[in-house]
Amino acid sequence: MTPDLIALAEQVLAENRAAGRRVATAESCTGGMVAAALTEIPGSSDVFDRGFVTYSNEAKMEMLGVSEDVLATFGAVSVATAWAMALGALKHSNADVAVSITGIAGPGGATANKPVGMVVFARAVRGEDPEMVVADTRQFGDLGRAEVRRLAARVALELLRP
């Protein structure tokens, strides 16, 4: 775990603790890195509720309730899927805010429309209109698998800040 992720995780935990919020993660391409960064910090259990690592489409459907139609129509790496993952993480947790991450870390898996380094994020807040889910696509480029995943985890942690 890199020092920058740990430092950011400490901030996320402190700020959410002060706000009285619990958080959850729904991760695909990061494979649990965001949850790992949060749980690296002693005492994180009062803020971090749970993490879902949903690498396969089946896991996204079974654990988070992402519809097969969304996956078939838009693909696993899409705003629609990230949106459904974030809402599913809220539905299947006790968290007040959830972040989702789905992308192509590489070196394979890319298409003409979805290059290596493309990562989609969403943040959902309990009680807010589902239409208000914040979704964002980042193009990190082909920086290598580890760096794409590290940068994606950073963005996800930032999205968890109040």
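The values are calculated or read from the model by the stated rules, or taken from the named source; none is laboratory data. Predicted model, so just to flag it, every value in this text is computed and none were measured. Reconstructed Cβ throughout: ideal geometry from the backbone, glycine too, with neighbour counts over all protein chains shown. The protein model used for the area step is the full one, side chains on, heavy atoms only, and it has no ligands, DNA or RNA in it. Shrake-Rupley method; radii C 1.70, N 1.55, O 1.52, S 1.80 Å.
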_Residues of the chain: accessible area per residue with a 1.4 Å probe, Å²_ = 45 Å²
*Quote the relative contact order of the chain in percent (integer), defining contacts as alpha-carbon pairs under 8 Å separated by 6+ residues.*
25 percent
*So what are the ³J(HN,Hα) numbers for region 41-55, from phi and the Karplus equation (6.51, -1.76, 1.60; θ = phi - 60°), rounded to whole Hz, Gly and Pro as x?*
8, x, x, 5, 5, 7, 10, 7, 7, 5, x, 10, 9, 10, 6
*Using amide H atoms built 1.01 Å from N in the peptide plane, name the residues 5+ places from GLY51, or on other chains, whose amide H lies under 5 Å from its own.*
THR25
*Summing +1 for each Lys or Arg and -1 for each Asp or Glu, what net charge is found among the other residues whose Cβ lies under 11 Å from the Cβ of SER93?*
+2
*Karplus couplings for region 111-127 from phi (6.51 cos²θ - 1.76 cosθ + 1.60, θ = phi - 60°), rounded to Hz, Gly and Pro as x?*
10, 4, 8, 10, x, 4, x, 7, 9, 10, 10, 8, 10, 10, 10, 4, x
*Within region 1-78, which GluC sites (Glu not before Pro) sit in a loop by DSSP and count at most 14 neighbouring Cβ atoms inside 10 Å?*
GLU40
*In whole angstrom, how far apart do the alpha carbon centroids of region 52-95 and region 105-162 sit?*
14 Å
*GLY141 long-range amide H proximity, modeled H, under 5 Å*: MET118
*Per-residue ellipticity at 222 nm for the chain, helices alone: DSSP H runs ≥ 4 residues times -39500 (n - 2.57), over residue total, nearest 500 deg cm²/dmol?*
-12500 deg cm²/dmol
*Just the Cα atoms of region 59-98, one point each, no solvent: what log10 I(q)/I(0) does Debye give at q = 0.25, 0.27, 0.34 Å⁻¹?*
-0.74, -0.83, -1.13
